Structure formats: structure tokens, C-alpha cells
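All remarks here apply to the structure that follows.
The values are calculated or read from the model by the stated rules, or taken from the named source; none is laboratory data. Keep in mind that what you see is a predicted model, and the values were worked out from it rather than measured. A quick note on method: Cβ atoms are made from the backbone with ideal geometry, for glycine too, and the neighbour counts reach across all protein chains shown.
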Amino acid sequence: YYVEAKPTISDRDYDALYHELLDLEKNFPELVTPDSPSQRVGGEPLKAFKPVKHLLPMLSLDNTYSQDEVRDFVKRVQKLLPDEKLDWVVEPKVDGVAMSLRYENGKLAVAATRGNGIEGDDVTANIKTIHSVPLSLTEFTELPKSKKNNSEDSVHPVLKSILEVRGEVYLTKAGFEKLNAEQRAAGEEVYANARNTAAGSLKLLDPKIVAKRPLDVVIYGLAQIENPKSEIRNPKSQIELLDRLKSLGFKTPEKIWRCRSADELIDAINALDKIRKKFSYETDGAVIKLNSFAQRERAGFTAKAPRWAMAYKYAPEQAETKLRDITIQVGRTGALTPVAELEPVFLAGTTVARATLHNADEIARKDVRIGDTVLVEKAGEIIPAVVSVLVEKRPAGNQPY
Ligand code: IVH
């Protein structure tokens with residue numbers, strides 16, 4: 001229902017079973033387990049988030065807006081791995097908040113934000129409210145009998161299965177629109193963009209409020225996998241990892257491309273750009289990564305980022321239009337923001353008639369004048385911004401603002 005949108009039973013049957021479960025748990029509270037579906041929305045609000053040290057640092061990626069630099073990147077990696085056939089995967093770059101999910105003995109144990117890359121916040125209670133996040137992974141729960149620790153006096157099992165995966169939490173585009181419609185209806189300020197709102201949602205201390213935010217998650221990475229069940233082979237490549245994650249019940253990238261050359265990578269980047277607007281989440285680029293984990297290991301890391309991956313960012317969409325007027329918007333806190341009143345223009349899916357001019361300094365720096373022809377841009381922000389003035393189109397005698 002939540003991962004593939006392919007329900008296996010009707011909503012009615014699901015509700016009946018869910019209510020039966022709630023009744024049973026009410027009558028036999030000792031039988032409530034942390035991975036019960038009833039436990040997605042936790043109890044009391046937290047006082048603060050506990051810090052979590054990451055097992056492997058959560059790094060960022062080198063990024064570029066240039067296809068030539070993608071070709072240089074491929075050459076660079078080829079130099080690091082001479083005579084090897086390079087095999088690549090291209091994935092959508094989800095514009096959300098990086099997340100690490102750790103399962104111990106098949107149960108979701110910790111969900112942590114990236115923080116400074118070394119240490120993040122424990123946001124497990126908030127992440128549990130996301131229905132597509134499995135609370136329990138059967139394959140990692142049922143340890144083989146012979147290998148189970150049977151000694152009576154030991155509290156900790158000797159054999160532990162661990163799965164730590166990485167992904168991106170986001171607000172769906174539709175969910176974000178709905179949230180803003182609710183804000184508007186309640187006379188509240190609208191949120192500027194989906195990414196910051198997702199980040200803000202994860203920082204809320206009350207999971208009951210978080211549960212109302214339409215958050216979701218895509219999982220694309222692996223930090224650790226240890227399963228004492230020897231018959232299960234660990235993934236050796238990105239493609240194997242994504243297949244495995246999918247079969248475990250995780251939501252994985254909408255579409256991926258496998259490429260063998262720089263030309264194929266460029267084709268994939270362009271193909272993704274053509275379809276990404278139809279995705280339920282915002283994307284701001286393509287992530288290019290080596291498929292083979294053995295090759296990744298040989299390529300290694302710099303202090304900040306892996307040498308085996310790179311993000312290609314799409315240029316934000318821009319449109320040209322006329323600036324009719326500049327008005328001043330008064331925020332709730334009394335802050336004054338100059339707003340460009342524009343001749344309506346179609347940009348990235350919506351008609352834009354207003355754009356932010358940020359502040360007086362920005363107006364002066366860009367020398368924006370009423371009557372000018374301007375370029376407006378949507379860069380992940382729902383509220384567009386005036387980027388620059390097309391001075392060559394300025395009417396004679398136009399006065400500075
Ligand atoms: S792989 C070592 N794959 O983009 C880091 N990251 O700008 C490997 N992101 O920190 C990250 N979609 O938060 C990867 N399909 C994807 C991604 C992705 C979004 C984020 C991630 C990363 C940031 C880098």
C-alpha cells in the first residue's frame with residue numbers, strides 16, 4: 001500500500017484487522033511490540049533529540065552543473081582504475097533530507113539525521129510515522145536456531161544482524177501543496193519549499209504532529225550489512241543493493257539507468273530530466289555512482305566525498321517577464337520584503353505573477369527598476385526570485401528604484 005501503491009487487501013479488510021489488533025493490544029498490553037503498526041505514532045513528545053554518532057560518516061557529493069565536468073569525472077575515475085571496465089548507475093537526486101536507518105536483529109533501532117556528517121539527531125520516533133519505512137525486516141529477525149545464543153545468563157545475544165541503510169526523507173509535491181493549502185486556510189504563513197519543510201518536520205519533538213505531515217523516504221545506500229544467515233549473499237553492487245532493498249520492503253529510486261560510458265551517462269542525465277517532473281518528489285539533479293562496490297573501494301574517498309560518485313545538478317528553470325511594480329510585504333514578525341509584481345509568466349509548472357526581491361540591498365545590487373524586463377527563477381523554492389535584469393531591454397528614461 002505505502003511502497004508500491006499495490007494493496008494486497010482492501011482498505012476495509014485492512015481496517016478490520018487493524019482494529020482487531022488494537023482491541024487485542026488494549027486487552028493484552030504485554031503483547032504490544034515496538035514494531036506493531038499501532039506504534040507508528042509514539043507516545044509523549046520528546047524533550048530533545050539524543051545525539052547519534054554515525055557508524056560511517058554521512059558524506060556529501062561533489063557536484064557540477066556542467067556535462068563536460070561529468071566527462072572529466074569519468075576520466076578521473078578511469079585513471080584511478082586503469083584498464084578496468086567502468087559500470088555506472090544514474091539515480092534521481094532526491095531533494096530532501098539525508099537519513100540513516102539502523103536495524104538491529106531486524107527491528108528498526110535508530111533513525112538519525114546527517115547532522116554534521118559525524119553525529120546527527122536520533123529522530124526514530126518521527127521516522128516511525130512514515131508508513132513506507134519497515135519497522136521490522138523478517139529476513140533479519142529470524143536468526144538460525146543453531147546460531148542463537150542460548151546461554152541463560154547473557155542478556156545480549158552474541159549473534160546480531162545489522163542493517164544500516166541511507167536515504168532521503170522528503171515531502172511529496174502533492175503533500176506539500178496540501179500542507180500549504182491548510183496553512184492558507186488557517187490564515188498562517190505558507191512554507192517556502194518542500195525540502196526545508198521536510199527538515200523542519202523532522203525537528204518537531206511531537207511525533208503526533210509529524211504523523212500529520214505527508215513525509216516519505218527513498219532508500220539508495222548501504223552503511224553496514226551483517227546477517228548471520230550464511231545462505232544470503234550480501235549485495236556486491238548498487239543494482240544488487242537496490243533489488244535487495246526493494247525485496248526487503250524499502251522504497252527505492254523511481255527509476256535508475258545503468259551506463260557504460262560518459263556518453264551513456266549524459267544520455268541518462270538528459271532522460272531523467274525529461275521525466276523527473278512527473279515524480280511524486282522534487283529532484284534537483286542526477287547522482288552518478290559506480291555500480292560495483294569493489295570498484296568503489298578501489299576508488300576511495302577524499303576527506304569530504306567519495307571519488308566514485310558525483311551529483312549533476314539541473315539548472316533551475318528561468319523565465320523572462322516584465323516587472324510591473326514593486327510592493328512591500330509585511331511579514332508576521334514585522335520584516336519588510338520587497339516583492340516583484342510581474343506580468344504573469346508560466347514557469348516550472350505554475351503561473352508566476354510575484355517574485356521575491358529579498359531586500360533593498362539586492363534591489364540596488366541588481367539595479368532592478370520598475371518597467372524592466374527581468375529573469376525569474378524557481379530554484380527548489382516555491383516562491384520564485386528575480387535573478388537579474390535584461391539591461392539591454394530597459395526602456396529609456398527608466399529610473400532607479
Ligand atoms: S548517494 C557518500 N544517492 O544528495 C554520499 N545521495 O549532495 C552518497 N541524495 O548527501 C550519497 N539522492 O543526501 C545519493 N540517489 C541518491 C541521492 C543522494 C539525494 C543526497 C544525499 C547526499 C546529497 C549529496
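Within region 334-349, the set of residues being under 30 Å from the mean Cα position of the chain (by Cα) and assigned to a loop (DSSP other than H, G, I, E, B) comprises Ala348, Gly349.
Counting residues in region 61-69 that are loosely packed, with under 14 Cβ neighbours inside 10 Å and touching a strand residue (DSSP E or B) at 6+ places or on another chain (Cβ under 7 Å) gives one or more. Close Cβ contacts (under 6 Å, 6 or more residues apart or on different chains) running from residues in region 62-76 that are under 15 Å from Lys93 (Cβ atoms) and away from the ligand (no atom under 15 Å from the Cβ) to residues that are among the β-branched types (Val, Ile, Thr) and at pLDDT below 95 are absent. The single condition from (1) aliphatic (A, V, I, L, M); (2) modelled with pLDDT of 95 or more; (3) more than 18 Å from Ile219 (Cα to Cα) that Ile130 fails is (3). Given the residues Ala315, Ala311, which is the only one that is outside any helix (DSSP H, G or I), away from the ligand (no atom under 14 Å from the Cβ) and either of a type outside the set (S, T, N, Q) or in contact with a helix residue (DSSP H, G or I) (Cβ under 6 Å, 6 or more places away or on another chain) (or both)? Answer to the check: Ala315. Restricting region 265-277 to residues that are within 17 Å of the chain's Cα centre (by Cα) and basic (Lys, Arg) leaves a set whose member that is surrounded by the fewest Cβ atoms within 10 Å (Cβ to Cβ) is Lys277. Is it true that Val352 is modelled with pLDDT of 95 or more, surrounded by 14 or more Cβ atoms within 10 Å (Cβ to Cβ) and assigned to a strand (DSSP E or B)? No; evaluated as a whole, the condition is false for this residue. Of the residues making up region 1-23, just one is of a type in the set (A, V, I, L, M, F, W, C), within 12 Å of Lys251 (Cβ to Cβ) and surrounded by 12 or more Cβ atoms within 10 Å (Cβ to Cβ), namely Val3. Here is the figure for region 216-239: residues that are under 18 Å from Glu139 (Cα atoms), β-branched (Val, Ile, Thr) and surrounded by fewer than 16 Cβ atoms within 10 Å (Cβ to Cβ) total 1.
Within region 268-283, being among the hydrophobic types (A, V, I, L, M, F, W, C) and over 20 Å from Asn196 (Cβ atoms) holds for Ala268, Ile269, Ala271, Leu272, Ile275. Restricting attention to region 247-267, the residues that are within 14 Å of the ligand (Cβ to nearest atom) and within 23 Å of Lys173 (Cα to Cα) add up to 7.
Looking across region 87-132, just one residue is away from the ligand (no atom under 16 Å from the Cβ) and touching a Cys at 6+ places or on another chain (Cβ under 9 Å), and that is Asp87.
Scan region 2-25 and tell me whether some residue there is away from the ligand (no atom under 16 Å from the Cβ), part of a helix (DSSP H, G or I), within 29 Å of Pro207 (Cβ to Cβ) and among the polar types (S, T, N, Q).
Step one: list which residues in region 2-25 are away from the ligand (no atom under 16 Å from the Cβ), which gives 2-25.
From what is left, the residues that are part of a helix (DSSP H, G or I) are 11-25.
When the remaining residues are screened for being within 29 Å of Pro207 (Cβ to Cβ), the result is 11-25.
Filter again for among the polar types (S, T, N, Q), leaving none.
No, region 2-25 contains no residue that is away from the ligand (no atom under 16 Å from the Cβ), part of a helix (DSSP H, G or I), within 29 Å of Pro207 (Cβ to Cβ) and among the polar types (S, T, N, Q).
Leu46 meets the conditions (1) modelled with pLDDT under 95; (2) in contact with a helix residue (DSSP H, G or I) (Cβ under 7 Å, 6 or more places away or on another chain); (3) within 15 Å of the ligand (Cβ to nearest atom); (4) not acidic (Asp, Glu) in every case but one. The failed one is (3).
One residue alone among Val77, Val52 is touching a Lys or Arg at 6+ places or on another chain (Cβ under 9 Å) and in a helix (DSSP H, G or I), and that residue is Val77. Of the residues screened, Ile209 is not one that is β-branched (Val, Ile, Thr), under 15 Å from the mean Cα position of the chain (by Cα) and closer than 27 Å to Asn126 by Cα.
The sole residue among Ser261, Ser280 that is over 18 Å from the mean Cα position of the chain (by Cα) and either within 30 Å of Thr350 (Cα to Cα) or of a type in the set (Gly, Ala, Ser) (or both) is Ser261. Here Ser230 fulfils each of the conditions (1) within 30 Å of Gln39 (Cβ to Cβ); (2) at pLDDT below 95; (3) not basic (Lys, Arg) apart from (1). Answer yes or no: is there a residue in region 288-307 that is within 13 Å of the ligand (Cβ to nearest atom) and in contact with a Gly (Cβ under 7 Å, 6 or more places away or on another chain). Scanning region 288-307 turns up at least one residue that is within 13 Å of the ligand (Cβ to nearest atom) and in contact with a Gly (Cβ under 7 Å, 6 or more places away or on another chain). Among the residues of region 99-114, the one identified as surrounded by fewer than 20 Cβ atoms within 10 Å (Cβ to Cβ) and within 12 Å of Ala199 (Cβ to Cβ) is Arg114.
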